[in-house]
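To start, the structure under review is shown below, and the notes come after it.
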Amino acid sequence: MAAAQARTGKRAAAQSRARAPRDPEATRKALVDASLKLFERDGFHATSVQKIVDEARLTKGAFYYHYETKEDVLHEIHDQFIDFQLKRLHSVLDEGGEPDEVLRRIMTDVLIEPISIYRSEISIFMQEHRFLSSKTFASIGRKRDEFEQLVTQVIEQGIEAGAFKPVATPRVLAFAVIGVAAWAHTWLDPRGAMTPRQIGEAFGEIVVDGLRQGSLPKGKKRT
């Protein structure tokens, strides 16, 4: 009897996986939204697939049609904001301009404003990424490396043009630029006294001004 029930359950699960949802995009969004809420409230480890589908008012079959594990959902949460930032970064670079102006736009359009839009997603990823497998993290790393390399190229162009002082290697300076906004997700309030754009413009001015006037103590060499 138990064996027959197990076989029936497996057949049902297989049928659910094979049968596409009527509105796959809406289903996927509902699963991600539910996961965001639960990961933020209970943490990744304490959130089961059952809790996710209950919150989304869907079935496990719907979940497993789109994802193999909840780690895949966390991966998608990361890709939502990094893909948005990469798209904006490529747009800024395609527009071109002097390196200092490009860097200002990166701070505003690519870093601060997207953080205000994807604040929950970024916070959850930063808190829960330790649960990702090495394979998943490698995939994530490729996009983050691309982002870092593109910002580094802007710094290199600025140094070559004489707009920025080479107080450190371009890569280290790129880390500094990205790092200015790294923890904004913990304090940025889109409804605060300053808008995300105003904050981005202020940070951009600080960064550009610092790179223009940067200097090292005598005897120090850039690393």
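The values are calculated or read from the model by the stated rules, or taken from the named source; none is laboratory data. None of these values were measured; they are calculated from a predicted model. All Cβ positions, glycine included, derive from the backbone under ideal geometry; neighbour counts span all protein chains shown. Accessible surface areas use protein heavy atoms only, side chains included; no ligands, DNA or RNA. Shrake-Rupley method; radii C 1.70, N 1.55, O 1.52, S 1.80 Å.
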Exercise for review: Scan the range 114-134 for residues that are free of Cβ contacts under 8 Å to residues at least 12 places away in the same chain and either of a type in the set (Gly, Ala, Ser) or under 20 Å from Pro190 (Cα atoms) (or both) and jot them down.
Suggested key: Ser134
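From the list Ala202, Ala161, pick out the single residue that is open to solvent by less than 80 Å² (accessible area, probe 1.4 Å) and touching an Asp or Glu at 6+ places or on another chain (Cβ under 9 Å).
Ala161
Restricting to the range 26-74, and then to whatever is among the β-branched types (Val, Ile, Thr) and part of a loop (DSSP other than H, G, I, E, B), can you tell me which residue is surrounded by the fewest Cβ atoms within 10 Å (Cβ to Cβ)?
The first filter runs over the range 26-74 and keeps only residues among the β-branched types (Val, Ile, Thr), leaving 27, 32, 47, 49, 52-53, 59, 69, 73.
Now restrict to residues that are part of a loop (DSSP other than H, G, I, E, B): 47, 59, 69.
Working: Thr47: 22, Thr59: 16, Thr69: 13.
Selected residue: Thr69.
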Review point. What number of residues in the range 18-69 are aliphatic (A, V, I, L, M), closer than 21 Å to His129 by Cβ and out of contact with any Ser or Thr (no Cβ under 7 Å at 6 or more places or on another chain)?
Key: 5
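I'd like the full set of residues that are assigned to a loop (DSSP other than H, G, I, E, B), small (Gly, Ala, Ser) and without any contact (Cβ under 8 Å) to a residue 12 or more places away in the chain, limited to the range 135-188.
Gly162, Ala182
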Study note, to complete from the structure: Residue hits (the range 50-69; touching a residue at least 40 places away in the same chain (Cβ under 8 Å) and not basic (Lys, Arg)) are Thr59, Gly61, Ala62, Tyr64, Tyr65, His66
Exercise for review: Specify the residue that is modelled with the lowest pLDDT; the eligible residues are those in the range 109-130 that are touching a Phe, Trp or Tyr at 6+ places or on another chain (Cβ under 7 Å) and open to solvent by less than 20 Å² (accessible area, probe 1.4 Å).
Suggested key: Glu128
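Could you check the range 189-204 and list, in sequence order, the residues that are within 15 Å of Asp109 (Cα to Cα), aliphatic (A, V, I, L, M) and either touching a residue at least 24 places away in the same chain (Cβ under 8 Å) or in a loop (DSSP other than H, G, I, E, B) (or both)?
Passing the criteria: only Ile199.
Check whether at least one residue in the range 100-108 is open to solvent by 60 Å² or more (accessible area, probe 1.4 Å), over 29 Å from Asp189 (Cβ atoms) and in a helix (DSSP H, G or I), and report yes or no. Step through it out loud before you land on a result.
Looking only at the range 100-108, we keep the residues that are open to solvent by 60 Å² or more (accessible area, probe 1.4 Å), and these are 101.
Still in the list and also over 29 Å from Asp189 (Cβ atoms): none.
No: the range 100-108 contains no residue that is open to solvent by 60 Å² or more (accessible area, probe 1.4 Å), over 29 Å from Asp189 (Cβ atoms) and in a helix (DSSP H, G or I).
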Point to revise | Selection from the range 26-49 of residues that are under 20 Å from the mean Cα position of the chain (by Cα) and without any contact (Cβ under 8 Å) to a residue 60 or more places away in the chain | key: Arg28, Lys29, Ala30, Leu31, Val32, Asp33, Ala34, Ser35, Lys37, Leu38, Arg41
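Output the residues belonging to the range 84-99 that are open to solvent by 50 Å² or more (accessible area, probe 1.4 Å) and among the aliphatic types (A, V, I, L, M).
Going residue by residue through the range 84-99, those that are open to solvent by 50 Å² or more (accessible area, probe 1.4 Å) are 84, 87-88, 90-91, 93-95, 97-98.
Listed by number, the list holds a single entry, Leu93.
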